[in-house]
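First comes the structure, then the notes that go with it.
The values are calculated or read from the model by the stated rules, or taken from the named source; none is laboratory data. Note that the coordinates shown come from a computational prediction; the quantities given were computed from them, not determined experimentally. A quick note on method: Cβ atoms are made from the backbone with ideal geometry, for glycine too, and the neighbour counts reach across all protein chains shown.
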Amino acid sequence: MFSPPYTAVTVTIERLTSEAVDVDDFSGIPDLVEVVNLQDTGPTEAARAIRKKLKYGNLHRQLRALTLLDGLIENAGPRFQRNFADEALLERLRFCGTAELSDPEVKKKCTELFRAWAVQYKTTRGMERVASLYQELPRRKQAVTQEKSMVLKETENPFGLGEDDDDKPSPAGPSKAHSRGPSLASPPVTGTIQSFSHDPKEKKKKEKKSKSKKAKLFNLEAEKEQMKAHIAEASMASINLTNTLQTINREKERISENQLAVQRFETCKQLRRRILRYIHHVDSEQWLGSLLHANDELVTALMMFEQLDRSIDADSDSDDELAEQAHLYRSTSPPSRTPQKQN
């Protein structure tokens, strides 16, 4: 399996993106420019290393990577400008600048850079696609959508909690178990058959009784305080999970292997079931808005966990090989051709 080179370029970018260096510190740019220009593969290696920081790094490393990229574009010369912008890096920049999962600070910095690049490099050879980033969106569909999300499907059942078992109709409920008792004690001639037969009218009566019992189970006044507590817990749990995800160094640790993240993920799942149960029962506009907002926050946090935990090739910019093939194809295609939309 091909392993990307780990040279002075990568080592320098690793050092300059560490938490010890301020976000807007440009003092290391001259050293980086020098090591990039010393190697024939310097521009492509720098692009790969910066993309990895944008993809897996925490907030500080992502912001530092953008600072370094801007510094290289401005100072590393025409050779760098012509060779660094492969499809993988461009797609990651689009993602960072527009995706919901991207941190607001990263989005803001991307917007500022894209706007500046659009003006400064509009007519610079080799920088056409970088200059057009300000007008572009991510070209690949997101790996996780609400329709495809497994965790959202898993938590859609508002009656999946132990405390709500009474709300969940069960085909093997107490009535059938009870009816089997006498039939075993009775002579097994005709009585057994009658005990297991189902009268349609009797079945309808039982269904109506079950529905009325289910409706009575939820009492807004009785559950109001608990509902308010769950709404507050949902908001806090969403924030806690999001904050935890942003601190994990995905270069070294997978999201689902972080115990705190998994614990907070499970908490959000349980709370979403509770919130959906309230949404199912509550008609009051006074509470529906807060419940729907709490659900939205939980959905965002749960999907962020799911998205970030997916394999490398599912995270927007596909894998390096496919992105490189796309870049080579576009490089050999007539430049005047309008790119077709992918289905």
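Scanning segment 282-307 for residues that are surrounded by 19 or more Cβ atoms within 10 Å (Cβ to Cβ) and either of a type in the set (Lys, Arg) or more than 18 Å from the chain's Cα centre (by Cα) (or both) turns up just one, LEU291. Of the candidates ALA65, ALA76, ALA88, ALA116, the single residue that is among the small types (Gly, Ala, Ser), over 30 Å from THR242 (Cα atoms) and in contact with a helix residue (DSSP H, G or I) (Cβ under 6 Å, 6 or more places away or on another chain) is ALA76.
Within segment 231-248, being touching a helix residue (DSSP H, G or I) at 6+ places or on another chain (Cβ under 7 Å) and small (Gly, Ala, Ser) holds for ALA234, SER235, ALA237, SER238.
Taken together, THR123, THR98, THR155 contain a single residue that is of a type in the set (S, T, N, Q), within 29 Å of the chain's Cα centre (by Cα) and modelled with pLDDT of 85 or more, which is THR98.
Of everything in segment 25-45 that is outside any helix (DSSP H, G or I) and among the polar types (S, T, N, Q), the residue that is farthest from the chain's Cα centre (by Cα) is GLN39. Looking for something in contact with a helix residue (DSSP H, G or I) (Cβ under 7 Å, 6 or more places away or on another chain), surrounded by 12 or more Cβ atoms within 10 Å (Cβ to Cβ) and more than 27 Å from GLU306 (Cα to Cα) - is there at least one such residue anywhere in segment 218-230? Checked segment 218-230: at least one residue is in contact with a helix residue (DSSP H, G or I) (Cβ under 7 Å, 6 or more places away or on another chain), surrounded by 12 or more Cβ atoms within 10 Å (Cβ to Cβ) and more than 27 Å from GLU306 (Cα to Cα). The residue that is nearest to the chain's Cα centre (by Cα), among those in segment 70-86 that are part of a helix (DSSP H, G or I), of a type in the set (D, E, K, R) and within 23 Å of LYS107 (Cα to Cα), is ASP70.
Residues of segment 34-72 being in contact with a Leu (Cβ under 8 Å, 6 or more places away or on another chain) and surrounded by fewer than 20 Cβ atoms within 10 Å (Cβ to Cβ), which ones? Scanning segment 34-72 gives ASP70, GLY71. Report whether or not GLU100 is closer than 26 Å to LYS252 by Cα and not in a helix (DSSP H, G or I). In short, yes. Among the residues in segment 262-272, are any under 30 Å from ARG48 (Cα atoms) and either modelled with pLDDT of 85 or more or of a type in the set (A, V, I, L, M, F, W, C) (or both)? Checking segment 262-272: at least one residue is under 30 Å from ARG48 (Cα atoms) and either modelled with pLDDT of 85 or more or of a type in the set (A, V, I, L, M, F, W, C) (or both).
Within this structure, ASP320 passes the test of being within 23 Å of CYS96 (Cβ to Cβ), modelled with pLDDT under 50, touching a Pro at 6+ places or on another chain (Cβ under 8 Å) and surrounded by 15 or more Cβ atoms within 10 Å (Cβ to Cβ).
Evaluate the following for THR67: is it part of a helix (DSSP H, G or I), of a type outside the set (A, V, I, L, M, F, W, C) and modelled with pLDDT of 95 or more? For THR67, the condition - part of a helix (DSSP H, G or I), of a type outside the set (A, V, I, L, M, F, W, C) and modelled with pLDDT of 95 or more - is met.
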